[in-house]
């Protein structure tokens, strides 16, 4: 999903980055360190136990007073109990570390499989297109397959980044009054194509004007419903049904996503929202996925002050996921009511390029293929383009080209995009002119967005971006400069 945002305090970004260093360490590493500390403690207790036993033997042999011998005997008994407990704790920590390592290895294997599968389709069809031997119909099929699998790759990366934000405590929601009906409608649109391909009917019920809005982030709430719907479609066989219902229950609204699919073992239900956990996780599993979607759903819902639960009567009896969100009861709630995608319009791949006639775009991208693609996109939209491979080259061309909008990658050789925009802003000091700038980048963390905005960019747009969306952003920024 394409994202761009408002400026943020860079000091806060630095504090958040420092504070999250400890929490972002891999679970397997934390488990290994805990096991090592437990083993060290067990060794220390064992040595103390041995010392006390030797002291007790020496006291008995030398004929010390009975009170001293009894005192040492009590110490040895206590040390012996401590040794048993420390040894058991060390064993438990070692088992946890071993399990964390196994989960890590299994997860990496799943990630490799999930990335390589769509990548295989992309590369294979791209090479077939390049051979020039495909018929027009096959070429159209190839393009559709490449687009679909590239989107799947982008979705996997988004899930991994979201999980990284969750682990690091960096996931945030921007609250505003949200119309859940609009959220559900947008979410259904995102999965409709995959549902249609399997002849699955998606029904929606329960939304009317009397349903009070909730306070939340519309894009994140759409992500919740989209993930649940995608999960339902994935585990429902051809010809099945998926239903989305909304109902007010006291001071909360419940969104219920149910299906007629495979269902879940009741023993798995308590683990359904754990990251990397899947009911079927072996190499013979029938469905793909990283096992992150439901964990992301739970965290987003919790950030909204809500809760989510899973229900299933068992195998082949379907499943249901129920999200509970607190309602806004304020009578003034209707002001500012919005649906998803506030500030981040989603543009379908079929949308036409926004016309950029008369607009000069300065592009800075070190990747040759990416630079050629973006240059083509802007020129096809009617813009004049200055295409640059480095910050130094762009700065040299800046005075004579006089662009309306700057579009720059953040990761550049020698001087990065942050250094580029700072120099651009320094040149503008004392002038009335201001060059709107878009950071177009693969760095998609919240801290990357905040740093880009704090450095002087107006937008932070995450790769891959749809050409229609990008031309729209450029047109809007160029218009803002003219006005």
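Only the coordinates and a few stated rules stand behind these numbers; no lab work does. Keep in mind it's a predicted model, so treat the numbers as computed, not measured. All Cβ positions, glycine included, derive from the backbone under ideal geometry; neighbour counts span all protein chains shown.
To the nearest 0.05, how large is the calculated FRET efficiency for residue 154 and residue 40 if R₀ is 51 Å and r is the Cβ-Cβ distance? Before the final figure, lay out the partial values.
Working: r = 45 Å, r/R0 = 0.88.
Using R0 = 51 Å, I get an efficiency of 0.70.
Multiplying the sequence separation of residue 77 and residue 50 by 0.36 nm and subtracting their Cα-Cα distance, what value in nm do you get?
Taking residue 77 through residue 50 to full extension adds about 8.6 nm, to one decimal.
Sorted by mean Cβ packing within 10 Å, highest first, what order do the peptides 195-202, 412-419, 395-402, 458-465 take?
Descending mean neighbour count gives 458-465, 412-419, 195-202, 395-402.
Applying 1/(1 + (r/R0)^6) with R0 = 30 Å to the Cβ-Cβ distance of residue 271 and residue 111, what FRET efficiency is obtained, to the nearest 0.05?
Efficiency, from the Cβ-Cβ distance: 0.95.
Kindly state, to the nearest 0.05, the FRET efficiency for residue 138 paired with residue 85, given R0 = 60 Å and r defined as their beta-carbon distance.
Given R0 = 60 Å and the Cβ-Cβ separation, E is 0.30.
Could you tell me which of rounded, prolate or oblate describes segment 360-482, using a ≥ b ≥ c as the square roots of the eigenvalues of the alpha-carbon gyration tensor, with rounded for a/c under 1.5 and, failing that, prolate when a/b is larger than b/c and oblate otherwise?
In terms of gyration-tensor shape, rounded.
Could you check the spin-label model distance between residue 380 and residue 479? Points 7 Å from the Cα along Cα→Cβ, value in nm.
In this crude label model, residue 380 to residue 479 measures out at 2.2 nm.
In nm, to one decimal, how far is the modelled label at residue 164 from the one at residue 414, with both set 7 Å along Cα→Cβ?
Placing both labels 7 Å beyond Cα along the Cβ direction yields 2.8 nm.
On a C-alpha basis, how far is the centre of segment 412-456 from the centre of segment 236-278 in Å? Whole number, if you could?
Their Cα centres are 43 Å away from one another.
Evaluate the distance, in nm, between pseudo-label points positioned 7 Å from the Cα of residue 390 and of residue 422 along their respective Cα→Cβ axes.
Using points 7 Å along Cα→Cβ, the separation is 1.9 nm.
Extension gain residue 400-residue 432, at 0.36 nm per residue separation less the Cα-Cα distance, in nm?
Contour length minus the Cα-Cα distance gives 9.7 nm.
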